[in-house]
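Please read the structure below before turning to the comments.
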Amino acid sequence: MGGMHGHSDGAAHVATCADCQARAGLRGLDVDLNRVWIGVAGEVWAREVGWVERTAGRLLRSPGLARALLTTPSLLLSWLLASVAVLAIGVLATHTSGEPWVALLAPGLAGAAIAYAYGPGIDPAFELSRSMVVSDRVVLLARGLAVFALNALLGLAASLVAGQAVGLTWGWLVPMTMVSALGLAGATLARSANTGVAVALAGWAMIVLAGRAETRDLAAAVTPGDLLPLYFVGTALCLVAALYATNGRRSEVTLWR
Amino acid sequence: MTVIDERPAAANGANGHRPPNVAVRDLSQRFGRTRVLDGLDLEIGRGVFGLLGPNGAGKTTLLRTLATVLSPAGGSVRLLGFDPSDAGERRAFRRRLGYLPQSLGYYANFTVFEFVEYFALLKEIPAARVRPAVARAIERVELEERARAKLKTLSGGMLRRVGIAQAIVNEPDLLLLDEPTAGLDPEQRVSFRALLREFGARGTVIVSTHLVEDVGAACTEVGVMDRGRILFRGTPDGLVERGVGFAAGDSPLERGYGAVLAASRS
């Protein structure tokens, strides 16, 4: 910076300084230095896009949606490591106690993760997001599905490591869907991710404890059977609630108050 | 209540040659029992339109409706010739929209560039044009020195400029700005007004503000709102004329604004 003649060597300065352009022999040439500077600045200031984001962008056919996906709080590495740690404890507990702790923990984890996926209480720029070409509902769908799929994979891996019965290994998937929908509904209705987590965990705990009280079996909540209709109806109701909570009118009423 | 319309006869949309960029008919918004917009009619063409009004007048709700954040409870809206109630047209309209909300939430750990780039991507600017467009927007709001700074390290005025950068990154034809100058220092406000005039020369800019001097310096037209209705629309000079003889207010525009409000409430 700062040449002998007291002028900056920066492209931005040269772009507007006739003296510097004359010294550099650029005067009279058909060069839009400001445009060059903007191009250089864009490359210098940007962070490199990783292969995961590039791949996601191609698969989703939307770089914006890919970026929105990769900035999901509950898909960040720290969150995933915490989930793996909880499931590892579940594997240990299953081995030592014989109770299906992985199957009981997996839905709760997914519910918490979904509550932190997206919505007016999680995204500080939610109002702005609602005016974008890539709509907030599409972002919600992409993030919700990604978080759910990843948690299902983690739960499945933990179930296999824990050596649970085949019925139990798959038995938690349906309740996981309902608990995830419960977390999403709680988070979006209350505009608070923490509330969503609390609703999901409390709801799941109540189902598990009610099943245990009725059958004296801790695994009752994750054993397919009489509870299936409850899970399906619960999932549908929670998704409707989440859609209502993320429509413009509901958001506006809350903002306005 | 009578709306005072002092628009020039050749104002965009009024001459029959060019459809207005914003055409609102009988627009209403109601939250619970509260009527926020009350049968509002508005046509706005090219230029900078300043929206003045007291707190609770409905300015922010109007801008949210025009930004398609909020769907109308009643009436119709056409924006840049598009009908936003149709999903496809809404998407097409949003490509040409710039919006700065009153309270811009931000991601604390994003850099200035990342934040503006994120919204450029969500606006579906073609991939090859995103980085130059973001750099240009950052340069226009004079934040080049802080382009790689995290948002959590910026002052309130700088954050407001980041918000303006994301609003203009797609070179919008309709730019909606809700209290854009809040937190800007006087020098930045002067630069910002030049930016408004630049966008107003080729599209429509609607600025909601409490600062009457912004309207006088940058706006080609002004509207005064109260209780969900437009009480006055015309040129800043027209508003000044309305204030002749009105005592309250430190400047001619403030006196005009006060006179319009007082007349509507008397």
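Points to keep in mind about this one:
- Candidate set from segment B:105-117 (those that are out of contact with any helix residue (DSSP H, G or I) (no Cβ under 6 Å at 6 or more places or on another chain) and facing chain A (nearest Cβ under 7 Å)); member that is nearest to A:Arg67 (Cα to Cα): B:Glu114
- Restricting attention to segment B:93-104, the residues being at the interface with another protein chain (Cβ under 7 Å from one of its Cβ atoms), buried (at least 24 other Cβ atoms within 10 Å of the Cβ) and not hydroxyl-bearing (Ser, Thr, Tyr) number 3.
- Taken over segment B:142-174, the criterion of being over 28 Å from B:Gly47 (Cα atoms) and open to solvent by less than 10 Å² (accessible area, probe 1.4 Å) is satisfied by B:Ala147, B:Leu151.
- Test for B:Val190: is it surrounded by fewer than 21 Cβ atoms within 10 Å (Cβ to Cβ), of a type in the set (A, V, I, L, M, F, W, C) and away from chain A (no Cβ under 14 Å): yes
- Residue satisfying condition, being open to solvent by 40 Å² or more (accessible area, probe 1.4 Å) and within 14 Å of chain B (Cβ to nearest Cβ), within set A:Leu80, A:Leu145, A:Leu76: A:Leu76
- Selected residue [on the phi > 0 side of the Ramachandran plot and facing another protein chain (nearest Cβ under 10 Å)] from B:Gly56, B:Gly47, B:Gly75: B:Gly56
- Residues in segment B:59-72 that are facing chain A (nearest Cβ under 10 Å) and charged (D, E, K, R): B:Arg64 alone.
- Selection of helices (runs of 4 or more DSSP H) fully inside segment B:111-221 by the criterion of at least 3 residues being at pLDDT 95 or above returns B:112-122, B:127-140, B:156-168.
- Among the residues of segment B:228-254, none is identified as part of a strand (DSSP E or B) and either modelled with pLDDT under 85 or surrounded by fewer than 17 Cβ atoms within 10 Å (Cβ to Cβ) (or both).
- Restricted to strands (runs of 3 or more DSSP E) entirely inside segment B:23-92, those with at least 3 residues that are crowded, with 20+ Cβ neighbours inside 10 Å are B:34-44, B:47-52.
- Qualifying residue in segment B:91-105 (condition: more than 17 Å from the chain's Cα centre (by Cα) and of a type outside the set (Lys, Arg)): yes
- Taking residues in segment B:47-59 that are aromatic (Phe, Trp, Tyr), and partners anywhere that are part of a helix (DSSP H, G or I), the pairs with Cβ atoms closer than 9 Å and at least 6 places apart or on different chains are B:Phe49/B:Gly200.
- Exactly one residue out of B:Gly245, B:Gly156, B:Gly200 is more than 24 Å from B:Lys123 (Cα to Cα) and assigned by TED's automatic domain parsing to the domain that holds B:Pro19, and it is B:Gly245.
- Sole residue being open to solvent by less than 10 Å² (accessible area, probe 1.4 Å) and either under 30 Å from B:Gly88 (Cβ atoms) or touching a Pro at 6+ places or on another chain (Cβ under 9 Å) (or both), chosen from A:Ala66, A:Ala110: A:Ala66
- Some residue of segment A:76-83 being of a type in the set (S, T, N, Q) and under 13 Å from the mean Cα position of the chain (by Cα): yes
- Pair list, Cβ under 7 Å, 6 or more apart: segment A:45-67 residue at the interface with another protein chain (Cβ under 10 Å from one of its Cβ atoms), other residue surrounded by 16 or more Cβ atoms within 10 Å (Cβ to Cβ) and not in a helix (DSSP H, G or I): A:Trp45/B:Ala147; A:Ser62/A:Val134; A:Gly64/A:Val134; A:Gly64/B:Glu124; A:Leu65/A:Val134
- Residue in segment B:150-163 that is touching a strand residue (DSSP E or B) at 6+ places or on another chain (Cβ under 6 Å) and on the phi < 0 side of the Ramachandran plot present: yes
- Of all the numbered requirements in (1) crowded, with 20+ Cβ neighbours inside 10 Å; (2) without any contact (Cβ under 8 Å) to a residue 60 or more places away in the chain; (3) aromatic (Phe, Trp, Tyr), B:Tyr107 misses one, and that requirement is (1).
- Residues in segment B:191-212 that are in contact with a Gly (Cβ under 7 Å, 6 or more places away or on another chain) and more than 20 Å from B:Asn21 (Cα to Cα): B:Thr209 only.
- Some residue of segment A:56-70 being at pLDDT below 70, of a type outside the set (Gly, Ala, Ser) and assigned to a loop (DSSP other than H, G, I, E, B): no
The values are calculated or read from the model by the stated rules, or taken from the named source; none is laboratory data. What you see is a predicted model, and the numbers here were worked out from it, not measured in a lab. All Cβ positions, glycine included, derive from the backbone under ideal geometry; neighbour counts span all protein chains shown. In case anyone asks, the SASA skips ligands and DNA or RNA and just uses the protein heavy atoms, side chains included. Shrake-Rupley method; radii C 1.70, N 1.55, O 1.52, S 1.80 Å.
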